[in-house]
Structure formats: structure tokens, C-alpha cells
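Inspection log for the structure reproduced underneath, given as C-alpha cells.
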Amino acid sequence: MKTTICALCLLGATSLQARDYSTFDFPSQIEGSKTLLTGIRRVDSNHDKVYISGFYKCPEEACVVPFVYKGHLDGDGVWSILNFPSSDGVTVVATNLYGPNNGKDGDIRVVGNYTTEETGEATLGCLYEGPLDGTGKWTTLIPTSTSPVLNTIAHSTHGNFVVGNYDTQIDEGKAFIYDLKHEVYYEIVKENALSITAYGIWHNGGHFYTICGGFSDVDAIDNFESGYLVDWDSKHKRLSNWRTFNYNNDPEHAHITHFDGITTDKKGGYYLTGDWINLVEGQNGFFCHVKKDATVGIWSNITYPGAEVTSGNSVYKKVVIGVYAEEADDSVHGYISRP
């Protein structure tokens, strides 16, 4: 299914661009089920192909199929299923996959979380490295904390690092960086932030990275959550150059803005996607271009035609992927949006 609409930048936004929208569902999706697309990254060995990660939820609550798609954006590709394996004393119930990346020698690296019968509803972060046939290495990710960690979700990986979120018995909404090489966790701390998420990471080269997500500020008045960009110097273990963003550069109207995905514009800036919410108008996705060193973005609204709700979950070049839901259908569908 494919259609074209004009993705209007609302409220005086500075970009007006027509986009193509096409449904991108797990093969043989049935009514009442959900295809949740979560991450996209170019395949280094073949630049005409991409990895797309996500998971498929059947109408039955216990049925979850975690997948990585490798192929062309038109759907000509292969869907591989990757489940965190059960072991002695660990009975895996479900695996959810989020950000994919290129691994070594044509392998893949993908992160996410899983649940077990033994831990109940608590989620454990995970990392898979290896071929798409599932014979590679799985690693459990749980940030170090002075308080017991209740939930962990690894959202994105690039270069030698993973970013994600976790909750503890004392605090909710904490974010982490995981050093794959040295197996060390670092907490992402922003001054005056009540809670913070880390959904995307981009390797700029050398020991320089940029991380995106959202945060709520203890002093916030006009908005509940804002998106952010922050630079990470992995050599000196330093966060710097915090920049705050609200959809259409309008914090009074965009009550919630959250960055979910990041990629380079190859000019020192970034293409981003995510969600914005107005308490009256509801939720939509967006495409945002932040030029090098800019403190404001150029925004486009992302709404699947006829959808009640649309989210922007990841971005590759100017291609946005995410999910949408229609009012008359209990299903949730994946989509690809291209300019």
C-alpha cells in the first residue's frame, strides 16, 4: 500500500516537503497483530540494502517474534528471527529488538531487551553479535547502580558503544552508555533533569559520538518533555554541548518532543526522527534536520495517511521508519516514509 501526501510543517515550520508512505509489515501479518519497526541502519557491505529491526506481536499476548530484516526498502529482502536463548534457570518469555548496526566480517550487532519467567515483568537489556542465523553471541546488559536495577532497555548501538535506559528501585527514567570494548557502564546525567532517555547514538569518528533522546526538566513550565542532543567524548568520558529541542521550535505548543533516531547529514549535522505530542491535537511523528552547531531544527510533520497515531522510530538518510494505528483497526502497522 502506497500513497503520497504533503507532510506539512505545522505552525510556521520552515520545511515543506512531499513524502511517500508505504506500509512495511512482518510477512503474513494478521488482523489484530502489531509490526513494530524500531531501528534502521545501512548495510556496509551493500549500500543498496538496510537492516531494519523490530518485533511482531500476535493478537495473543505471549506471542512475540523479534526480527531483523536485511534487504531493499521496497521489501525485497530476508526476515531473520533472533530470540534470546533460554538456559538453565533462565526461561525466556519474549525478546524485543531495537537498534541494529553492522558487526564484524558481515555480521550484525543488534540491541534490545528480553523478559523471563523468573524475573516476571522486569526487562533485561540484551546485545546480539553474529550472523543472522542466530548462532552468534548474546550478552545481558544491566547497568551498574547503587540501587537494584528493575528494568533495562538497550536502544541503539554505533561504534564501540550502546545507549539505553533503566529504572531502579529509587529512580525511574535513567539513561546509560555501555562501553563494548571495556564492558563498562556510564550514566548519562543532565543537570536539573527529572528523568532522561537515550534512544540514539551516532559515531562521528575517532572518539567522538553524539547521543539523542528526551528529558523532563524539574523547572519545566511550558512543556513536559524536550528532545536533546549531547556530545560524548569516549576518550575522556565527558558529555558536553547539550542542546534542547522542541517540535517546530515551539515549546508552548509541543508539550512533548522526543528524539528516537539519529543519522548524519554528512555535513556535520544530523537527521533525526521521533514523536511530538500536543495534549489537544494528539501524537505525530516528525523528521528534523539539525545543521552543524545549530540550536534549532528544521521540522517536518510525519503522519501516515488516515492514521490515528503515527510514531517516528528511526531514520536512515532522510528515510523515516515507525508505526501507525488506525481508529477502526486494532492492528499496528510498520511504515517507511521517503521524500
**Message:** Is it the case, given these coordinates, that residue 121 is part of a strand (DSSP E or B), of a type in the set (Asp, Glu), free of Cβ contacts under 8 Å to residues at least 60 places away in the same chain and farther than 17 Å from residue 314 by Cβ?
**Reply:** no
**Request:** Answer yes or no as to whether residue 97 is touching a residue at least 60 places away in the same chain (Cβ under 8 Å), of a type in the set (A, V, I, L, M) and closer than 21 Å to residue 314 by Cβ.
**Result:** no
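Condition check ((1) surrounded by fewer than 24 Cβ atoms within 10 Å (Cβ to Cβ); (2) of a type in the set (Ser, Thr, Tyr); (3) touching a helix residue (DSSP H, G or I) at 6+ places or on another chain (Cβ under 7 Å)) across all residues:
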| site | (1), (2), (3) |
| --- | --- |
| 281 | yes, no, no |
| 286 | no, no, yes |
| 293 | yes, no, no |
| 306 | yes, no, no |
| 313 | no, no, no |
| 320 | no, no, no |
| 325 | yes, no, no |
| 330 | yes, no, no |
| 337 | no, yes, no |
**Prompt:** Has region 104-126 got at least one residue that is of a type outside the set (Val, Ile, Thr), surrounded by 12 or more Cβ atoms within 10 Å (Cβ to Cβ), modelled with pLDDT under 95 and more than 23 Å from residue 196 (Cα to Cα)?
**Reply:** yes
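Please determine, by comparing only the residues of region 181-198 that are part of a loop (DSSP other than H, G, I, E, B) and within 19 Å of the chain's Cα centre (by Cα), which one is surrounded by the most Cβ atoms within 10 Å (Cβ to Cβ).
So the residue we want is 198.
Let's see how each residue does on (1) in contact (Cβ under 8 Å) with a residue 40 or more places away in the chain; (2) surrounded by fewer than 19 Cβ atoms within 10 Å (Cβ to Cβ):
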{"site": "35", "(1), (2)": "yes, no"}
{"site": "47", "(1), (2)": "no, yes"}
{"site": "52", "(1), (2)": "yes, no"}
{"site": "64", "(1), (2)": "no, no"}
**Request:** Spot the failing condition for residue 174; the list is (1) more than 17 Å from the chain's Cα centre (by Cα); (2) surrounded by 15 or more Cβ atoms within 10 Å (Cβ to Cβ); (3) basic (Lys, Arg), and only one is missed.
**Result:** (1)
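In region 220-272, which strands (runs of 3 or more DSSP E) lie fully inside it and hold 3 or more residues that are under 18 Å from residue 201 (Cβ atoms) and hydrophobic (A, V, I, L, M, F, W, C)?
Values: elements: 226-233, 238-245, 256-264.
Passing ranges, in order: 226-233, 238-245.
Quickly run through region 152-171 and pick out the residues that are exposed (fewer than 15 other Cβ atoms within 10 Å of the Cβ) and under 19 Å from the mean Cα position of the chain (by Cα). Walk me through it before giving the result.
First, the residues of region 152-171 that are exposed (fewer than 15 other Cβ atoms within 10 Å of the Cβ): 160, 169-171.
Matches in region 152-171: 160 only.
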**Item:** Candidate set: region 203-219, residues that are in a loop (DSSP other than H, G, I, E, B) and modelled with pLDDT of 95 or more; chosen: the one surrounded by the most Cβ atoms within 10 Å (Cβ to Cβ)
**Value:** 207
**Complete:** Of the residues in region 302-339 that are part of a loop (DSSP other than H, G, I, E, B) and charged (D, E, K, R), the one that is farthest from residue 49 (Cα to Cα) is 327
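Which of the residues belonging to region 285-301 are out of contact with any His (no Cβ under 9 Å at 6 or more places or on another chain) and assigned to a strand (DSSP E or B)?
Keep residues of region 285-301 that are out of contact with any His (no Cβ under 9 Å at 6 or more places or on another chain), which gives 285-296, 301.
Once the filter is applied, which keeps residues that are out of contact with any His (no Cβ under 9 Å at 6 or more places or on another chain) and assigned to a strand (DSSP E or B), region 285-301 yields 285, 286, 287, 288, 289, 290, 301.
The values are calculated or read from the model by the stated rules, or taken from the named source; none is laboratory data. For clarity, every value in this text was computed on a predicted model and none was experimentally measured. Note: ideal-geometry Cβ built from the backbone for every residue, glycine included; neighbour counts use all protein chains shown.
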